[in-house]
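Undergrad: Sharing a structure with you now.
Read-outs throughout are calculated quantities, based only on the coordinates presented, and are distinct from any laboratory measurement. Given the structure is predicted, the values throughout are model-derived calculations rather than measurements. In this analysis, Cβ positions are derived from the backbone assuming ideal geometry, glycine residues included, and neighbour counts consider all displayed protein chains.
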């Protein structure tokens, strides 16, 4: 008998632990703070809590740079706090999923420390290392966060790849031993009793073979490199191997952050007969926010995007429905009129996306209609991408 697809019948609430609830007055949200709000979330009608990275981390990229997959960051609490959280969530009939960041680690992770210790270290090939080319970077790829996608290691005289921050070296998914260690870590969490994962940056795990230069007619120092590592041919082999060695053996919810995956390609990621992911988070409607110089959203384009995703996955897959998360502005500020029509904006947007087929996601504070805060200057930003963009453009 087929297992009940419970993840089709839930509402998910995303918690960004640093700013959700502070239990000890140190100005940082934490796991005990989240525990104290579980009754509120239950009363709100939440079925699943997704918690952003709470792992041990130097916090270069707000926890998406992990130095220990099997420990909790000190500011957020302890593993005992996490176990208590999991128990209390289950006691209330809710479920808990966590972020899974496996495109890269922190440069302070023991795997990378070993990898960079010697060009002959057994873990050297767990990351992507290349020789210099004519005394410079191995290719002209730009990091998503700006600047080169390569950083030079003087001790071993090679460059390592980082498509995000320089403190987030990319794992080499071609290495079978690395994959086995990642799978063991995943099973460790699943055996703890968590109910699934939101898998970060999963569409970037496969890099184009050869790591060749990108055409550069504008003679840029570094060229945006999405086309070389986003939804590349071969990523499905990694995805299939990942799922077969971990997810399919548990009754869980799996959500992939799949930047660059189109509605036409999505079926390959979520088709139920393939037993891959349950759903993916897509960014096509998010990209509309940056295309209009007047910063006014084109509602017909919004409708077209959502309609296309609904039609492409109808009876073939499942949609993850969201309009806010930790990476994007508050939706009332972007799509609505926070000053004159706050209530109308909040309720109409919520009605719009909750009425579509799929699993709806709510970002913390969205349920009370939060709007964007006001920043007085770049020093107010706590985001490596925003800081790098300001530095480069300056």
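Undergrad: Taking 8 Å as the Cα distance limit and 6 or more residues as the minimum spacing, I'd like the relative contact order of the chain as a percentage.
TA: 14 percent
Undergrad: Out of these labelled values of Cα extents along the principal axes in Å, (1) 59, 49, 48; (2) 57, 50, 44; (3) 65, 42, 38, which was calculated from the coordinates shown here?
TA: Evaluating Cα extents along the principal axes in Å on these atoms matches (1).
Undergrad: Report, in whole Å, the centroid distance computed from the Cα atoms of the range 81-150 and the range 298-321.
TA: 32 Å
Undergrad: If you don't mind, another one. Just rank 314, 142, fewest to most, by other beta-carbon atoms within 10 angstrom.
TA: Listed from fewest to most nearby Cβ atoms, that is 314, 142.
Undergrad: Follow-up. Could you work out the Rg to Rh ratio of the range 43-168, with Rh taken as the Kirkwood radius (inverse of the mean 1/r over all Cα pairs)?
TA: 1.11
Undergrad: On to the next question. Which length gain, in nm to one decimal place, applies between residue 341 and residue 275 when the Cα-Cα distance is subtracted from 0.36 nm times their residue separation?
TA: Values: separation 66, 0.36 × 66 = 23.76 nm, distance 4.37 nm.
Extra length from residue 341 to residue 275 when fully extended: 19.4 nm.
Undergrad: With the chain treated as a Gaussian network of Cα nodes joined by springs under 10 Å, which of 163, 98, 113 yields the largest mean-square fluctuation?
TA: Of the options given, 113 has the highest mean-square fluctuation.
Undergrad: Ok, one more. Okay, which of the range 64-92 sit inside 17 Å, backbone N to the point 7 Å along the Cα-Cβ direction of residue 121?
TA: Answer for this model: 66-69.
Undergrad: Could you tell me what percent of the DSSP beta bridges with both partners in the chain are antiparallel, to the nearest 5? Mind showing how you got there, number by number?
TA: Details: 12 of 39 bridges.
Just about 30 percent of them are antiparallel.
Undergrad: Quick one: length gained pulling residue 250 to residue 5 fully straight, 0.36 nm per residue minus the C-alpha distance?
TA: The span from residue 250 to residue 5 would gain 87.0 nm if fully extended.
Undergrad: Summing -39500 (n - 2.57) over the DSSP H runs of n ≥ 4 in the chain and dividing by its residue number, what mean residue ellipticity at 222 nm do you reach, to the nearest 500 deg cm²/dmol? If you can, show how the numbers build up before the last one.
TA: On the way: 13 runs with 116 residues, N = 394.
Roughly -8500 deg cm²/dmol at 222 nm, from the helical runs in the chain.
Undergrad: If you don't mind, there's one more thing I want to ask. Taking other Cβ within 10 Å of each residue's Cβ, how do 189, 269, 335 sort, fewest first?
TA: The most exposed by this proxy come first: 189, 335, 269.
Undergrad: Could I ask something else about it? Rank the residues 8, 207, 91 as a footprinting-exposure proxy: fewest other Cβ atoms within 10 Å of their Cβ go first.
TA: With the sparsest Cβ surroundings first, the list reads 91, 8, 207.
Undergrad: Please compute the volume of the convex hull spanned by the alpha-carbon atoms of the range 182-240 and report it per residue in Å³.
TA: It is 112 Å³ per residue.
Undergrad: Now for a separate question. I need to check one value: relative contact order of the range 235-314, counting alpha carbon pairs closer than 8 Å and at least 6 residues apart, in percent.
TA: 29 percent.
Undergrad: Please report, in whole Å, how far the alpha carbons of the range 304-369 spread along each principal axis, starting with the longest.
TA: For the range 304-369, the Cα spread along each principal axis is 40, 21, 16 Å.
Undergrad: Moving on to the next point. What residue among 166, 184, 263 has the largest mean-square fluctuation in a Gaussian network model of the chain, using Cα springs under 10 Å?
TA: Of 166, 184, 263, the most mobile in the Gaussian network model is 184.
Undergrad: Multiply the residue gap between residue 88 and residue 267 by 0.36 nm, knock off their C-alpha separation, and tell me the result in nm, one decimal place.
TA: Values: separation 179, 0.36 × 179 = 64.44 nm, distance 3.54 nm.
Extra length available between residue 88 and residue 267 comes to 60.9 nm.
Undergrad: Further question on the same structure: Would you calculate the separation in nanometres between label points at residue 233 and residue 316, each defined as 7 Å from the Cα along the Cα-to-beta-carbon direction?
TA: The two pseudo-label positions are separated by 2.1 nm.
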